[in-house]
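Visitor: There's a structure below that I have some questions on.
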Amino acid sequence: MIARLDKLFHEKKEAYTKFLDFRGVSAQRRLDLLQDLLDLDYYANVAAPKKHRLVKALIRLSGQAELYPQCFTLTNLLKEENPVAGGSFGDVYKGKLGDQCVAVKMMRVFGESDIDALLKTFSREALIWRQLCHPNLLPFFGLYYFQERLCLVSPWMGNGHIREFLKKESYGIDRLLSLILDIALGVEHLHKEGIVHGDLKGENIFVTDSGRACIADFGLCSIITSISSIQFTSSTRTRGTTRYHAPELHRGEDNDLRSDIYALACVAYELLTGNRLFPELRTDGAVALAVLNGRRPPRSPSCSGTPSLDSLWSLLQHCWEGEPPMRPMAGQIVERLIGPDIQAKKTESIADWDDTFTPRFRRYVAGSRPLPSLAEFEHIFFGDG
C-alpha cells in the first residue's frame, strides 16, 4: 500500500493532481486512511522520505478539501472565559477535558479576508503536530470548535515556558545541562521526521510538572524532503524571532535544519546566562547587521569555569558558524552533550499527561477500524484503473 501510494505521489503527477481534487465524503475517506497508515507501528521501518511524502499529501488534501482526519475531533471541552496568553494568530485559554487540564489555543477573529489564510495556518500546524510523538515534544490532543472558531488543544503546562520556569529559582549547571539536552533531543526527533521547527526560542519551550523540557508551537514548521517533484510552500521564509535568526535568514533565505541548530544554541545560551540575546541592541535591524558582520553572543562567567562548560561553549560556537554546512546536526549535538566532555544527564521520562486524550489513542479505541484489503485500497486511491 505504502509503496503504491509513494509511487503515485512521487512519479504520477496527473494521478496526484486528481487525488488532490477529491472533496467531501471522498476526501474524508482518503484523509482517514492516510492518517491510519501514518499511525502504523510498521512506519518505524519505512524510509523517512516515503513518510514525508504521505504527510505532505495529507496536508495538501486536507487544506484543499477543508477537512481533517476524523480522529482529530474533541468533544466536551470546558474553557475558561478569559485568555491567559496570546500570540500572532491566537489566544490561549485554560480548559478542562475530563480530569485533564488543557491549553486551548483559539483562532483570533480577524477581518473576513484574513480568515482563509488563518485557517490554513492553524490547520497546517494541527496536521504536522499530529504526526509527532516524543517525550520532549508537547503532545497534540486534538481540534475543538468553540463558537465556530477553531482551537488547538494540548496539555496545560503549569510551569509556563522555560524562561519563566528558570526565573522562579536558581538551578545548578547539571540541571541546566539536562534541560538543554531535553531540547536537543526534541530537535533531533523533529529533524529525523524531516521537520524544521522554524521558531525555536524560550517562549516556545515548556517545562512539565516532572521538570522535562518540551518543544511546542509548531505553527512555522515545514516538512522537508530531498524529492522536489512535490511542490510544497514553506511557511517559514524569514519568519520567526529575529534575535534567534541565523545569518542566512537575515539574507532572506529559508529556514532549514541548520537554522534550527543556530537557534538551539541561542536558546542554550539564554538558559545558561539568564540574559536576552544582544540586550544592548534595541532594534531587529541592528541585530541582523551585527550577526551578518560575524558577531555572536559574548561568553559570560556563567559559561566558564569547568571543563564541561568549556566544552559546551565550544559546541555553541560550532552551532553559530556563519556557513550552515559547518554547523553540527542535531544528533551530533546530542552525542556531544551526553559524551564524556559535557556529561549532560537526560531528564527521566515520567507520564505528565493522560495519553488517552491523544488522537492516536482515540483512533485505536474508537472501533479500531481495520485497514482495507489491497484490492479495496487500490480502488479507494486509484479507482478502476
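The values are calculated or read from the model by the stated rules, or taken from the named source; none is laboratory data. What you see is a predicted model, and the numbers here were worked out from it, not measured in a lab. Cβ coordinates were reconstructed from backbone atoms using ideal geometry, including for glycine residues, and neighbour counts include every protein chain displayed.
Visitor: Looking only at segment 362-373, count every residue that is at negative phi and modelled with pLDDT under 80 and tell me the total.
Guide: 8
Visitor: Quick test for you: out of V92, V153, pick the one residue that is buried (at least 20 other Cβ atoms within 10 Å of the Cβ) and in contact with a strand residue (DSSP E or B) (Cβ under 9 Å, 6 or more places away or on another chain).
Guide: Matching residue, one of V92, V153: V153.
Visitor: Search segment 240-260 for residues that are touching a residue at least 40 places away in the same chain (Cβ under 8 Å) and pair each with any residue that is of a type in the set (S, T, N, Q) and in a helix (DSSP H, G or I) when their beta-carbon atoms are under 7 Å apart and the residues are at least 6 apart or on different chains.
Guide: Within 7 Å, the pairs are A246/S259; E248/S259.
Visitor: Would you check if there is a residue in segment 306-327 being crowded, with 20+ Cβ neighbours inside 10 Å and of a type outside the set (A, V, I, L, M, F, W, C)?
Guide: Yes, because at least one residue in segment 306-327 is crowded, with 20+ Cβ neighbours inside 10 Å and of a type outside the set (A, V, I, L, M, F, W, C).
Visitor: Where in segment 299-371 are there helices (runs of 4 or more DSSP H), lying fully within it, with 2 or more residues that are more than 30 Å from I2 (Cβ to Cβ) and in contact (Cβ under 8 Å) with a residue 12 or more places away in the chain?
Guide: 307-319, 330-338
Visitor: So which of Q35, Q28 ends up being in a helix (DSSP H, G or I), under 23 Å from F357 (Cα atoms) and over 24 Å from the mean Cα position of the chain (by Cα)?
Guide: One residue alone meets the criteria, Q28.
Visitor: Let me ask you something else. Only residues that are part of a loop (DSSP other than H, G, I, E, B), among the aliphatic types (A, V, I, L, M) and in contact with an Asp or Glu (Cβ under 9 Å, 6 or more places away or on another chain): list them for segment 248-292, please.
Guide: Once the filter is applied, which keeps residues that are part of a loop (DSSP other than H, G, I, E, B), among the aliphatic types (A, V, I, L, M) and in contact with an Asp or Glu (Cβ under 9 Å, 6 or more places away or on another chain), segment 248-292 yields only L277.
Visitor: Within segment 105-116, does at least one residue satisfy the condition of being crowded, with 22+ Cβ neighbours inside 10 Å and not assigned by TED's automatic domain parsing to the domain that holds D260?
Guide: So far as segment 105-116 goes, yes, one or more of its residues are crowded, with 22+ Cβ neighbours inside 10 Å and not assigned by TED's automatic domain parsing to the domain that holds D260.
Visitor: Another one. The conditions are (1) over 18 Å from the mean Cα position of the chain (by Cα); (2) surrounded by 19 or more Cβ atoms within 10 Å (Cβ to Cβ); (3) part of a strand (DSSP E or B), and L143 fails exactly one of them. Which is it?
Guide: (1)
Visitor: Check L77, L97, L61, L34 and return the single one that is closer than 18 Å to F141 by Cα, in contact with a helix residue (DSSP H, G or I) (Cβ under 9 Å, 6 or more places away or on another chain) and of a type in the set (A, V, I, L, M).
Guide: When all the criteria are applied, what remains is L97.
Visitor: For segment 179-201, give me each residue that is among the basic types (K, R) and part of a helix (DSSP H, G or I).
Guide: K192 - this is the single residue of segment 179-201 that is among the basic types (K, R) and part of a helix (DSSP H, G or I).
Visitor: Suppose we filter segment 57-95 for residues that are of a type outside the set (F, W, Y), part of a strand (DSSP E or B) and either within 15 Å of R149 (Cα to Cα) or modelled with pLDDT under 95 (or both); how many remain?
Guide: The number of residues fulfilling the criteria is 9.
Visitor: Of these, A330, A288, which one is surrounded by 14 or more Cβ atoms within 10 Å (Cβ to Cβ), within 25 Å of G211 (Cα to Cα) and within 28 Å of the chain's Cα centre (by Cα)?
Guide: Unique residue meeting the criteria: A330.
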